[in-house]
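Since the structure comes first, as structure tokens, the remarks are kept for the end.
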Amino acid sequence: MTAGQSQAADVIGAVVYARDSQYWQQVERGMSDAAEKYGVTLQVGQNRRQLPTEAQVIEDFVTRGVKAIVMPPLDVNASAAAARRAADRGIVIVDFDTALADKSIAKHTIGVDGFKMAAELGTVMTEQLSKLNGGKNTVSLITLPPTNPNMLPRKNGLLSTLKGEGITIGSEVAAATPELGANAYENILQRDPETAAIWASNSGSLSGAAQAARRKSAEVRLYGVDMS
């Protein structure tokens, strides 16, 4: 093995959505800490929530000769082509946050059950809201965009347990980043001023909603889920 091959064998490519939310910052920091601990070189690329960008980042990693690629697929089906090309070159694929539909591509999968995670929070929300406003409350949702593979599992998980005679589901607005989360919070209160609680389906939109809530000093309960 040449020196160049030895160096390439110690390089891992990692994909994150972006650096615009605490969640992805934590993910990158965690991977960097692990790379330092185990003595490997980590190269990080951002897919910026765009499939063409995701494919280009993966292709760049292939060109650089990385040994493995850790990626959160933007789409369980559409992300497979680029990942498959890398795997066919002998690169180990590890998917996280979301699993590719084709289970033959990734050697390892890291993540949580989004449906179960949201369902557990729905149970807590139902119990807490039963003691608020006489149990009659409108809950509005900040969901992930429809193209995000975590959108339906988390939303459906929440709604599977967020039930009660006094609970009404209000407005639903899609957002994934802090900026859009803040906008979603304000839009919800404009549409449904009587909203008592807002659920956000990721940490980015939740942090944005929290910032908007502080600016408005609104008495609306905020709930949210994510892997972090």
Efficiency of FRET from Cβ geometry, residue 101 and residue 63, R₀ 25 Å, rounded to 0.05: 0.45
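What length, rounded to one decimal in nm, is gained on full extension from residue 75 through to residue 152, with 0.36 nm per residue of separation minus their alpha-carbon distance?
Details: separation 77, 0.36 × 77 = 27.72 nm, distance 1.26 nm.
Contour length minus the Cα-Cα distance gives 26.5 nm.
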Where labels lie 7 Å past Cα in the beta-carbon direction, separation of residue 159 and residue 214 in nm: 3.3
Amide N of the stretch 164-202 lying under 11 Å from the label point, which is placed 7 angstrom from the Cα of residue 132 along Cα→Cβ: 195-199
Neighbour net charge for residue 143 - beta-carbon separation under 10 angstrom, K R +1, D E -1: +1
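Shape call for the stretch 108-151 from the C-alpha gyration tensor, a ≥ b ≥ c root eigenvalues: rounded (a/c under 1.5), prolate (a/b greater than b/c) or oblate?
On the way: a/c = 6.16, a/b = 1.92, b/c = 3.21.
It is oblate, given that a/c is not under 1.5 and a/b is not larger than b/c.
Please list 153-159, 186-192, 200-206 highest first by mean number of surrounding beta-carbon atoms within 10 Å per residue. Mind dumping the intermediate values first?
Values: 153-159: 20.3, 186-192: 16.6, 200-206: 27.1.
Output ranking for 153-159, 186-192, 200-206: 200-206, 153-159, 186-192.
Near residue 177, within a Cβ-to-Cβ distance under 14 Å, what is the net charge of the other residues, with Lys and Arg +1 and Asp and Glu -1?
On the way: positive: 19, 48, 49; negative: 20, 179, 226.
Taking every Cβ under 14 Å from that of residue 177, the sum is 0.
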Prolate/oblate/rounded label for the stretch 3-110 (Cα gyration tensor, a/c 1.5): oblate
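Add +1 for every Lys or Arg and -1 for every Asp or Glu among the other residues with Cβ under 15 Å from the Cβ of residue 26, and state the total. List each step's numbers first, then the result.
Working: positive: 19, 29; negative: 20, 28, 33, 97, 226.
Around residue 26, the surrounding residues sum to -3.
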Links that overshoot a 26 Å alpha carbon limit, given the list 131/216; 103/155; 37/107; 103/163: 103/163
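Given R₀ = 22 Å, FRET efficiency for residue 123-residue 168 by Cβ-Cβ distance, to 0.05?
Values: r = 18 Å, r/R0 = 0.81.
It comes to 0.80.
Hydropathy first: keep DSSP H helices in the chain averaging at least -0.5 on Kyte-Doolittle, then drop any whose Cα extent along the axis falls short of 18 Å, and list what survives. All intermediate terms of the calculation are to be shown ahead of the outcome.
Values: long enough: 22-38 (24 Å, -1.44); 51-64 (20 Å, -0.01); 114-129 (22 Å, 0.34); 178-191 (20 Å, -0.69); 203-216 (20 Å, -0.61).
Answer set is 51-64, 114-129.
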Nearby aspartates and glutamates by direct alpha-carbon distance to residue 67 (threshold 19 angstrom, same-chain neighbours under 8 apart not counted): 10, 28, 33, 36, 54, 59, 88, 95
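Order of 24, 199 from fewest to most other C-beta atoms within 10 Å?
Starting with the residue having the fewest Cβ neighbours, the order is 24, 199.
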Computed [θ] at 222 nm, deg cm²/dmol, the chain (DSSP H ≥ 4; -39,500 (n - 2.57); rounded to nearest 500): -14000 deg cm²/dmol
Separation of the residue 18 and residue 48 label points, Cα + 7 Å toward Cβ, nm: 1.0
Per DSSP, loop trypsin sites (Lys or Arg not before Pro) in the stretch 26-115 with at most 13 further Cβ within 10 Å: 89, 103, 107
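No value in this document is a laboratory result; all are computed from the given coordinates. Only a predicted model underlies this, so the values are computations on that prediction, with no experimental measurement involved. All Cβ positions, even for glycine, are placed from backbone atoms using ideal geometry, and neighbour counts span all protein chains on display.
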